[in-house]
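A short worksheet on the structure shown next.
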Amino acid sequence: MLRLANIVETAINPALALLPAKMDTPQARIQLLATGLQESRFEYRRQMNDGPAKSFYQMERGGGCAGLVRHPASRELMKQVCIERSCAFTALAIWNAIEHDDILASAGARLLYWTDPKPLPAIGDAGGAWDYYIRVWRPGKPHPSTWPGFYAQAVAEVTGG
């Protein structure tokens, strides 16, 4: 597993720099780190057993990637991110690119959370963060038992505690 500080430095910081400043909050950073840990432990860029998900965030072409292109809250911002990352603005192109472009994947993950009208949970609200993750990510086989530990790691990385 990559160190979380490395993920923040090489993927999350540059991704958030491509988005409006209001999207860069400690809560957003925690949610991104916890999601990446939950989905891939920041180890797997392709879903195991040849599944349909790619990137550390395990986004699917017809799910998250399609949502980024279609949703009014993410569409224009994702289009700009795609221009910056030299990626065509289609669900297929994004899905293919996020397997190896961690900045594009992190920006996409942040924008997917942006599509939810509810605010991100407060720091320390692991249960609320889990509910938010479930609502937005809609994982096929959720594993609630691992979330509290991953969430705690994310909080520690972001808050220094």
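The figures follow:
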quantity	calculated
Residues satisfying the stated conditions in region 134-152, i.e. in a helix (DSSP H, G or I), out of contact with any helix residue (DSSP H, G or I) (no Cβ under 6 Å at 6 or more places or on another chain) and surrounded by 12 or more Cβ atoms within 10 Å (Cβ to Cβ)	I134, W137, G149, A152
Answer residue from region 50-75, given it is in contact with a Pro (Cβ under 9 Å, 6 or more places away or on another chain) and closer than 16 Å to A107 by Cβ and is surrounded by the fewest Cβ atoms within 10 Å (Cβ to Cβ) among those	A73
Candidates W147, W114, W137, W130, filtered to the one that is aromatic (F, W, Y), touching a Pro at 6+ places or on another chain (Cβ under 8 Å) and under 14 Å from T35 (Cβ atoms)	W130
Residue ranges of helices (runs of 4 or more DSSP H) in region 19-110 with at least 3 members free of Cβ contacts under 8 Å to residues at least 12 places away in the same chain, in contact with a strand residue (DSSP E or B) (Cβ under 6 Å, 6 or more places away or on another chain) and hydrophobic (A, V, I, L, M, F, W, C)	none
Residue satisfying condition, being under 20 Å from R41 (Cβ atoms) and touching a Gly at 6+ places or on another chain (Cβ under 7 Å), within set I103, I98, I94, I134	I98
Yes/no for S55 being hydroxyl-bearing (S, T, Y) and within 11 Å of the chain's Cα centre (by Cα)	yes
Output for region 1-40, where each listed residue is surrounded by fewer than 14 Cβ atoms within 10 Å (Cβ to Cβ) and at pLDDT below 95	M1, R3
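The values are calculated or read from the model by the stated rules, or taken from the named source; none is laboratory data. If you're wondering where the values come from, they're calculated on a predicted model, not measured in any experiment. Please note: Cβ atoms are built from the backbone with ideal geometry, for glycine as well, and neighbour counts cover all protein chains shown.
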